[in-house]
Amino acid sequence: MTMGIVSDPAAPAAVAEDTRRAERTDRIVGIVQRQGALAVLAVVVLFAVAAFPDFRSFDNSATILVAAAPPMLIALGMTFVILTGGIDLSVGSLYVLGGVLAAWASQYGLLAAFAVPLLVCGAIGVVNGLLIAYTRMAPFIVTLAALLGARGLMRAISAEGSKTYLVGDDTFRRIGNGSFLDIGYPVWLVAILLVLGMVLLSRTRFGHAVYAVGGSEDAAGLMGIAVRRTKVWVYVMSGLLAGLAGAINAAKLGSGVTVLGTGMELDAIAAVVIGGTLLTGGAGTIAGTIAGVLLLGVIQNLINQVGNLNSNWQQVISGGFLALVVVAQTYLVKLRRIS
Amino acid sequence: MALLEVVDVSKIFPGVRALDEVSFRLEEGEVHALVGENGAGKSTLIKVLTGVYQPDAGELRYAGEPARFGTPMEAQRAGISTIYQEVNLVPLMSVAQNLFLGREPRNRFGLLDRARMDREAAEMLAGYGVTADVRRPLGTLALGAQQMVALARAVMIDAKVVIMDEPTSSLEPREVETLFGVIRDLHARGIGIIYVSHRLDELYQICDAVTILRDGRVVHTGKLADLERIRLVALMLGREMAEVRREGATAFSGEATADDDAEPILRVIGLSSRNKLHDVSFDVRPGEVVGLGGLLGAGRSETIKAIGGAYRLDAGDVRVDGVDLKRPTTVQAVKAGIAVQPEDRKAEGIIPGLSVRENIALAVLPRMARFGLVSDAKIDAVVERYMTRLRIKASSPDQAVGDLSGGNQQKVLLARLLATNPKVLLLDEPTRGIDVGAKAEVQGLIDELAAEGLGVVLVSSDAEELIEGADRVVVLRDGVVVGTLTGASVTTEDLMATIAEAAND
Amino acid sequence: MTETAVARPAVDLSRLRDWLPKYGVYLAIVLLVLYNIFFTPYFLTWSNVRIQLIQVAPIVIVALGMALVIGTEGIDLSVGSVMALAAALIPLYLGYGVIAAIVASVVAGVAVGFINGVLVARVGLQPIVATLALFVGGRGLAVVISQGQLKDVRNPDLIYLGSGDLFGVPVLVWIAAALVLVVAFLVRRTVFGRRLLAIGGNRPATELAGLPVKRVLITVYVVCAVLASIAGLLAVARIQSSDASAVGLLIELSAITAVVVGGTPLTGGKVRVLGTVAGALLMQLVIATMIKHNLQPSTTEMVQAVIILIAVYVARERKTR
């Protein structure tokens, strides 16, 4: 004998209302998460424009953009890597290596000045990608080793960091310092690459593959995505972009400086995370990364404006800011509760 | 000529022969059932067919030619499409993106045509009864809807063989009808289907042929219509038909040990969690086994986790032996005498790198220590006791738990729970993925523990196990309690009917 | 599924694969020491051994803390900044005596560790991001506190800690050795240690089992930061000056390398204390050997990179059932 007791006939309606409310919250939170960085950037810029007269000048904006060009390239590559659920700690070293190689190779002409850093840094990216994709070693460790190796290579080429190559090719120098419509060539170059990157990520099968690998590697494999190949490609891209960023910087400075670069990888990670990309992969946009890089750049610029705050305070503020943003992000993700 | 053929295939893992010279034929347009207990080798066989594993012996023949699938992609390209029980899609990506992943429509510039993708996805899914916005992340859909998306995707590619692994476990009756409609359509087109399921009614409704696996071997293959249900169950279990008829399909004794006069040892009142649980309430008396029934995604695991403090509750109250916990944390729940055995022992149960000893002693370390220093002697005593009582087979207590068989891992988890001297046991799929022998032992153990006065809450997607093991079954649907089944002669049909009846509101 | 015994192939290969990650680092040290005995002049002199031990001691101390954090499947990038904070605070409190200075450094460690721990355990941030924030901001804060100035240390008690000897062995080394024993004891014999390993092995499982996971995690990060602050204190004592911008620079890299080379897996669940010490020693030996043989620092770095890769490759977990 069975007794069936329906406990609450009104339950289905209550469930439906709950679902609708949940969907609404979900949509709002999703928007905040994606556009959060942009919103904060807008607020900060508004504040800066109101409080600091120097900030409003076109020159200042141009300065911010030019300074942000190399970090932007690095962060672009880092976005792809983090979207697949990985990380690339070697970009800082590759950036310096790229700069030194570009300066050294510039004696052989413009083409060499770009080709050599791209080839070498790209090759290191290939090694990173192959090790990570085919041997299941943690990206953290593999790229950490690459960080050391690339730094060693850089030192070997520059006689233990003592030799600073001067850029020999004038065209190369002009690329770094010239401008079109009063905006530096590097900024244009970066803008083009950013657009290409956005198209690649959101409008190609490869882009979808990147999101799938980061979202659920196992499912992506079962759905037929070439997981390992996708992973190799993102690390190659990251290496190439870091090398390119270094070359551009060498062109601008006119030499291959050997002492920069510490912490650039962490700046890039911070920018990507602030921009709304999940460290675990599978969600995020390049637009967010752009906002993140610009935000950090604007803050840096503001601190310089204030004048008596030295770079150490800048570090403190950056650190605090990063913590704040990431905490906010984590709570937003919890609110969405996607299975 | 058979569409897909498996010839004397064996697959060996360290210490285990998962498939032992298995032979199997799928004809064109045939709907072929694949049955067997958990651990009989069904998933391994499917993984061999879909290119996840390669056979260690024997061969595959596809459309008459020998075939070797090195990767899932190769099998897919050859026309073998699969739907899994756990929806193997990407929750963070949109519904449309998931549907078209890898085959996204492109415009004349070679770039993805998003508008077309979204439009075609919406059209296609409407035919499957999915009306959600295709741009939303897949993970925001109910599990049943997600499964329909997986089904649509599987059918979309030019498949010649479609393999369905427990496809209805999360589907509403209405969605099951849609699924059957799709199957009949595929059948008419000459596509072969391999249908894996526990639900015998469904099999008899939709399948032409059946192959029964037990312990990695084929024990029967042939037309389904020629096989009596009782005989099918008996073959699956390896028991005599008469015995099955008499004692049921499981090792549960069927004796009720509940103490009807006592106060409930567990009272669950009004558990609610946004969008997942709605006012779930029930009682458990000492010695009673209460089953939680319902489809995958109905909220059974969430209810169990919520009682154990591991799932965020917006409202509700948990009372153990008269003590009011309100919405407990896991620490409070364990202290109060609640013990939870999770559904996924690999992800949330065992600590694979640690030894059997360490795993068993995990929850009671403070009791085994003085001033924070661990006493190995005390631990040894407790571990010895439980290894004996539960008959845990390991080379020694120091063996890494990850190396044990599924059944023994499950027993180690139970030992961990029992070591805390719980008052209430919450078991989520305690016999999933373990061999027949261990399964019987665990079921017997549950009977014993109930007889000793523990309150037990049991979740099982094996309807037989649920019906025979529980004194009462509380049926959940979409996080709402829709009915309770009591009595000695409850059948699995009653369970299905209760779920279906609620759906017609 | 039938459980039949399956004939195993050549036993040697699989046993080697198990043995190498656990003991490979010791073998490497032995080989390297032998090489040095034969080919490096003055290698076995006490003055050389002394120098090596003094140089490796701070790294060992920081690596001990790092090993504990890695054991919970986490990471702590802020250890260098903690050292800097300790270095910045010492001159301010040294006027009240060496004990006050020690207390101040340790308190700084506790504070940073607590913040890290709360971010990881309560807020739920990824450890790399949580400790990244303090990595970026901590050193800056330290330099601000010290007003960018390099301060000399003249307190004799403190100098004794950093440069003095006890029974012929540097006090620094005694302290490091003592800390090794303490941490080893913590991991093997205490409830805290067992819980730590369980959390690293499978965090959801330990939560479900009712363990106070948040409390343990916060404690782990506090211990790590305190160890780093002690290392900072000793570094200042040794060079007898406090430079917040330079103390502990890049030490997180050395610490992580030591832990990984020593056989502790990044995936958590296992902490090899002696292995960590061996890892630090091995890297120290490698660098010293190459310097003694006039190899460039650049080559040293590249060799370090390769060693890390080999160590991690060898120690990879094979998929369990």
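What follows is calculated from the coordinates using simple rules that are stated; it is not laboratory data. Please read these numbers as outputs of a predicted model, since none were measured by experiment. Neighbour counts are summed over all protein chains in view; Cβ atoms, including those assigned to glycine, are modelled from backbone coordinates with ideal geometry.
Annotations
- Computed over chain C with a Gaussian network model linking Cα atoms closer than 10 Å, the most mobile of C:Ser241, C:Ser229, C:Ser47 is C:Ser47.
- Rounded if a/c under 1.5, otherwise prolate or oblate - segment B:434-483, Cα gyration tensor axes: oblate
- When both segment B:312-383 and segment A:109-166 are represented by their alpha-carbon centers, they are found 48 Å apart.
- In degrees, nearest ten, helix B:114-126 long axis to first principal axis of chain B (Cα): 70 degrees
- Helix A:311-336 axis, angle to chain A major axis (alpha carbon atoms, nearest 10°): 30 degrees
- Whole-Å distance, taken between Cα centres, linking segment B:98-152 and segment C:87-124: 54 Å
- Segment C:101-145: translational diffusion in µm²/s, Stokes-Einstein, Kirkwood Rh over Cα pairs, 4 °C, 1.567 mPa s: 117 µm²/s
- Two-decimal Rg to Rh for segment B:258-364 - Kirkwood Rh, Cα set: 0.99
- Antiparallel DSSP beta bridges within the protein assembly as shown, percent to nearest 5: 60 percent
- Over all projection directions, the Cα-based convex hull of chain B averages an area of 25.7 nm².
- Each pair of Cα atoms in segment A:26-143 enters the Kirkwood radius, and Stokes-Einstein at 4 °C and 1.567 mPa s then converts it into a translational diffusion coefficient of 74 µm²/s.
- In the protein assembly as shown, one over the average inverse separation of all distinct C-alpha pairs is 32.5 Å, which is the Kirkwood hydrodynamic radius.
- Whole-Å distance, taken between Cα centres, linking segment B:179-213 and segment A:238-268: 60 Å
- Eigenvalues of the alpha-carbon gyration tensor of segment A:34-338, scaled by 5 and square-rooted, set the equivalent ellipsoid semi-axes at 29, 27, 17 angstrom, largest first.
- The smallest convex shape that holds all Cα atoms of chain C, its convex hull, gives 161 Å³ per residue.
- Qualifying aspartates and glutamates (Cα of each under 13 Å from Cα of A:Lys252; at least 8 residues distant if same chain): A:Asp169, A:Asp170
- Residue by residue along A:130-141, Cβ atoms of other protein chains within 10 Å of the local Cβ number 3 on average.
- Cα-Cα over 20 Å, subset of B:Lys305/B:Lys346; B:Lys346/B:Lys439; A:Lys231/B:Lys160; B:Lys42/B:Lys276: A:Lys231/B:Lys160; B:Lys42/B:Lys276
- Projected label points at B:Glu452 and A:Trp188, each 7 Å from Cα along the beta carbon direction, are separated by 8.0 nanometres.
- Peptide C:187-198 has a mean of 5 when you count, residue by residue, the C-beta atoms of other protein chains within 10 Å of its C-beta.
- Cα-based reach from C:Lys22 at 16 Å (exclusive), listing lysines while leaving out same-chain residues under 8 positions away: C:Lys270
- Peptide B:90-100, shielding by other chains (average Cβ, 10 Å cutoff): 5
- Axis of helix B:406-419 versus longest Cα principal axis of chain B: the two differ by about 30°, to the nearest ten degrees.
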